[in-house]
Structures are given as structure tokens and as C-alpha cells.
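The structure appears below as C-alpha cells.
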Amino acid sequence: MSRPVLVLDLDGTVCLGDTPVRLYAARVAALTVAPEALLETTEAFLGQRLPESAPKTLIGAQDGYEAVKILGLAAGVSEEELSAAYVWSRAAMSEQPGDIRTPDGLVDQLDGLDAHRVIMTNSPGSGLDAILEHLGLLDVVDEVRADALKPTRMTGHLDRLLDAFGLADRPEWLMSVGDIWRNDLAPAVERGCVAAYVDAFDRRQGPAHVRAGSLVGLYSAVSDWSNDPSAFIAAHPLKESVQC
């Protein structure tokens, strides 16, 4: 019998904490003429207390990484330098995990789930096992796909998973869970999979089958879906602002 497939984003979904963004910001700031300004604005973004003088483009930033990228580009940092800074920050995080953590109860939730559990992340593979071990997730996920290049290649990743598990004609047997709609959920919606939106900032940027302010708020939905994906999607039609 086929198993449902649960695809989980990493940062902002199963990995919480500001250390990753702070490491990235520190590396990017070092490339600017006013590093303190970039670091201070990053902290203001993380604390949701941006001053009126902050760049208006920051208001729509999806997460801290995008905020740092916006600030870095405005300060003259190149795309190549930003990419190198991101890779450096991920390697550094494997040795300096700081405040990273999982949502409460996630390990037990995944351990008791009858599904193929996949971490899908744009993070590079180097150092990723150490990060997942620190989070306690290595033993409760079945597969890790790094360097995923979401959203560009997300539909392809989903198609390959559906084909691998014989679910091409039952896309609702795959649920994608994430906090950035365009990366994690738009491709799932396009493919007919179940979209579970971790909408921490209440941005409602696109439709989903279920939505909550944290992954914890989606636990019951994930369990119900894994028990009967077809019944779940019938009971949870795609909506613009659905809330668990």
C-alpha cells in the first residue's frame, strides 16, 4: 500500500530561532561600509519593530534572510557575495547553533506519523546533518533534500516524489508544509498536492488547504491528512485565507 509523503521546509517551519539570520547578516554586514546600520536594521526586522526610516522594501520581506538580502543589495553587496555569505552562514550554524530549535512536540509528532517524511531545503548539504542532529530530527525523517532551489525546482521535486511513491494520479497524498508561500506552497497547489501554510506573520499571500501561525497549530491537520489524504482534501478545499 502506498504511503503518503510529507514534505517539510526547514527554516521557519521545523527550525526556529534567529541565529541563522544573524550569522548571515554578520557576514553580509562585513562587506558594507556601514556594518552596524545593517545589523541594527536586521535586529529591528527580527523584532518586528522597523523604524519609519527603514527601506519600504523590507515591509514585504518574507523572512530574515530576504530582509538581509534587501539590505545587502541596497548597500552595494553583489548577488555573488550574498550567495557566498549564505553558504558561509550555514556552515557556521552547524558549529554555532545558538538558539535554533524545533517547534514544541515536533519530534514526537513526526515519530508517530505513518508517512514518508522529507526535509526540503535550499540550505546547502554541508553541515546539514549536524544541524538536524542538534534539532533531534535525524531519526524522525526519512529523506533530506538540500540545495533544493525552491521555488524554481520545487514542482520537479514534487513530481519526482509522487512518481517514486506511485502517487502521480493521487497528488493529494503529498502534503507540503512551509512558511514561504511562493517557495513551499504555490508549487504544491499547482501540482494538486495539499498545501499547509505556516503563516507566522499573517501575510496570507496565497491559497492553502490549511493555515496556522506555527507548525504546532498544524499538527492535528497533518495527522488527519496522513490517516486519509483523499478524505482530508475533500474536507479542506483550497481557500485564500483558511485558518486551522
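The values are calculated or read from the model by the stated rules, or taken from the named source; none is laboratory data. What you see is a predicted model; the values in this text were computed from it and never measured. Positions of Cβ are backbone-derived with ideal geometry, glycine not excepted, and every protein chain shown enters the neighbour counts. The accessibility values were calculated without ligands, DNA or RNA, using every heavy atom of the protein model including side chains. Shrake-Rupley method; radii C 1.70, N 1.55, O 1.52, S 1.80 Å.
The convex hull of the Cα atoms of the range 125-186, projected and averaged over all directions, covers 4.9 nm².
With both labels modelled 7 Å from their Cα along Cα-to-Cβ, the Val216 to Glu190 distance reads 3.4 nm. Between Glu40 and Glu80, the simple label model (points 7 Å from Cα in the Cβ direction) yields a spacing of 3.2 nm. Note on the range 76-186: Cα Rg divided by 2.2 N^0.38 Å, N the number of residues, gives 1.18. Think of it as helices only: each DSSP H run of n ≥ 4 in the chain is worth -39500 (n - 2.57), and spread over all residues that comes to -11500 deg cm²/dmol at 222 nm.
Assuming a ≥ b ≥ c are the square roots of the Cα gyration tensor eigenvalues, decide whether the range 175-244 counts as rounded (a/c under 1.5), prolate (otherwise, with a/b larger than b/c) or oblate. Note, shape of the range 175-244 comes out oblate. Pick out, from Gly156, Leu174, Leu138, the residue whose Cα sits farthest towards the positive end of the charge dipole of the range 135-195, with +1 on the Cβ of Lys and Arg and -1 on the Cβ of Asp and Glu. Result: Gly156.
If only the Cβ of Lys and Arg carry +1 and only the Cβ of Asp and Glu carry -1, the dipole of the chain around its Cα centre is close to 540 debye. What whole-number value in Å² describes the accessible area per residue of the chain for a 1.4 Å probe? Heavy-atom accessible area per residue stands at 45 Å². Considering only protein heavy atoms and a probe of 1.4 Å, how much of the accessible area of the chain is carbon and sulfur, as a whole percent? The nonpolar share, carbon plus sulfur, comes to 50 percent. Round to the nearest 0.05 the FRET efficiency obtained for Trp88 and Arg160 when R0 = 22 Å and r is the Cβ-Cβ distance. Result of the calculation: an efficiency of 0.15. The share of alpha-carbon pairs in the chain lying farther apart than 35 Å comes to 14%.
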